[in-house]
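> Take this structure first; my questions come after.
The numbers here are math on the coordinates, done by the rules we state, and not lab data. Please read all numbers here as calculations on a predicted model, not as lab measurements. Positions of Cβ are generated from backbone atoms using ideal geometry, with glycine treated the same way; all protein chains shown enter the neighbour counts.
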Amino acid sequence: MRVTVRPIVPCITVILIMLALAACTVRLLPAYDQATYQSLTSLNANTLTLFSSLSAGSSAKEFPRYEDQYNELIGGFSAARMTLANRPTPPIGQRLFGTDPLSAICGKNASVEDCLNATPRILDQIVALLTKMRDIHQQRGLPAEVVSGLNGRGGLKGQYQIEVAQVLTVEAALQR
Amino acid sequence: MTLNIEKVTGDLISAVQSKAGQGWGQISGFVTTQSKMLANQGAWITESRINGALKTDDELFNFFVDQLKDSVESLAHAVAELAVLTIEETWNAVVGVLWGAINTALKGAGLGFLPMPSAPPQA
């Protein structure tokens, strides 16, 4: 018996140490959501495809051809927003939010959710941007400059890229 | 078995340098990229308002200005979130090194584990 028990003891000790270390790590921010992150990367690829299709501009007559794409993207980003807004911020993170340095970065009017779960608010901006783009396209058509800006900068695409980069950077960082 | 203070100190410094360095590197790179994008967007809005599609379109001009303003605020929130993440990772790394060393020494002396602290001290 002794021969079989001895090697087990150090193994159990190592497992206990690992469990003790793993169980007691601190979490200050909401959890990473892999399914939603993958959905966001897919939505981003589809949005960039739409921007590419419309880069030369598009008339109101052509709108029906793109209507379903707009609605899928707006619906997809809205669903991701709803999922990520429901992630709880750990209580320790909420306490940290009350400290001066964090308040200074986030601003006095920011809520704990704005500051420590920034993504839903940015997704609101993306939904507003795509909705505006869809409505302009439907009502009067999209000039190329409004879609892609001038000299490769600006326009709806430039604004979208700022917003989606914020979302993907923060969400990828939460994978820890 | 005693705790090797010199080794633990070195391990702690390495853990802090590594985690804080990685965190700062990520925040710095992110802010640099975002600043360029925001500056480019601001430049286009200005150019277009003077002599482009936004020249006679007040509604769209205001929409782009509001979006840009919101993005600046969102950048601040994203930076705050990344900074807190760096604090979290640094804390966990330091506690892991220190409590790991203490518990290894206690185990060597045939004693029980010291429970790890569960939260940073409140400010």
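> For the charge dipole of the protein assembly as shown, defined by +1 on Lys and Arg C-beta atoms and -1 on Asp and Glu C-beta atoms about the Cα centroid, which residue among A:Ser111, B:Val95, A:Pro64 has the Cα displaced farthest towards the positive pole?
Checked the options; the winner is B:Val95.
> Further, regarding this structure: Give the residue from B:Ser14, B:Leu3, B:Met37 lying farthest towards the positive end of the charge dipole for chain B; charges sit on Cβ (+1 for Lys and Arg, -1 for Asp and Glu) and the dipole is referred to the Cα centre.
Checking the options against the dipole of chain B, the answer is B:Leu3.
> How big is the dipole moment of the stretch B:5-88 about its Cα centre under a simple scheme where the beta carbon of each Lys and Arg is +1, that of each Asp and Glu is -1, and everything else is neutral? Debye, nearest 20, please. Spell out each step's value before the answer.
Values: 6 positive and 11 negative charges, 64 e Å.
Value, rounded to 20: 300 debye.
> For helix B:5-51, what angle does its Cα long axis make with the longest principal axis of chain B, in degrees from 0 to 90 and rounded to 10?
Compared with the principal axis, the helix lies near 0 degrees.
> Ranking request for peptides A:64-77, A:146-159, B:4-17, B:33-46: highest mean number of other beta-carbon atoms within 10 Å first, then the rest in descending order.
Working: A:64-77: 15.6, A:146-159: 21.9, B:4-17: 13.0, B:33-46: 17.1.
The densest-packed peptide leads the list: A:146-159, B:33-46, A:64-77, B:4-17.
> Give the calculated FRET efficiency between B:Gln17 and A:Ser53 to the nearest 0.05, with a Förster radius of 35 Å applied to their Cβ-Cβ distance.
Numbers: r = 47 Å, r/R0 = 1.35.
Taking R0 as 35 Å, the efficiency between B:Gln17 and A:Ser53 is 0.15.
> So which of B:Lys36/B:Lys69; A:Lys61/B:Lys55; B:Lys19/B:Lys69 end up more than 22 Å apart by C-alpha?
Values: B:Lys36/B:Lys69 15 Å; A:Lys61/B:Lys55 24 Å; B:Lys19/B:Lys69 32 Å.
Beyond 22 Å: A:Lys61/B:Lys55; B:Lys19/B:Lys69.
> A follow-up question, please. Over the whole of A:147-155, what's the average partner chain Cβ count within 10 Å per residue? Rounded to a whole number, please. Please list the in-between numbers first.
Numbers: counts 1, 1, 9, 7, 4, 2, 9, 14, 7.
Averaged over the peptide's residues, the number is 6.
> Simple spin-label model, 7 Å along Cα-to-Cβ: A:Asp68 to B:Lys69 in nm?
3.9
> Turning to a different aspect of this structure: Return one number: the angle in degrees, 0 to 90 and rounded to the nearest 10, between the long axis of the Cα atoms of helix A:34-53 and the longest principal axis of the Cα atoms of chain A.
Approximately 20 degrees, to the nearest ten.
> Of the candidates B:Val65, B:Val31, B:Val95, which one comes out as most mobile in a Gaussian network treatment of chain B with C-alpha springs shorter than 10 Å?
Highest fluctuation among the options: B:Val65.
> Could I ask something else about it? How much length, in nm to one decimal, is gained on full extension between B:Thr9 and B:Lys36, taken as 0.36 nm per residue of separation minus their Cα-Cα distance?
Values: separation 27, 0.36 × 27 = 9.72 nm, distance 3.99 nm.
Extra length available between B:Thr9 and B:Lys36 comes to 5.7 nm.
> In degrees between 0 and 90, to the nearest 10, how far off the longest principal axis of chain B does helix B:58-108 point, with axes built from Cα atoms?
Tilt of helix B:58-108: around 10 degrees.
> Oh, and also: Separation between the A:Ala35 and A:Ile105 pseudo-spin-labels, each 7 Å from Cα along Cα→Cβ, expressed in nm?
3.0
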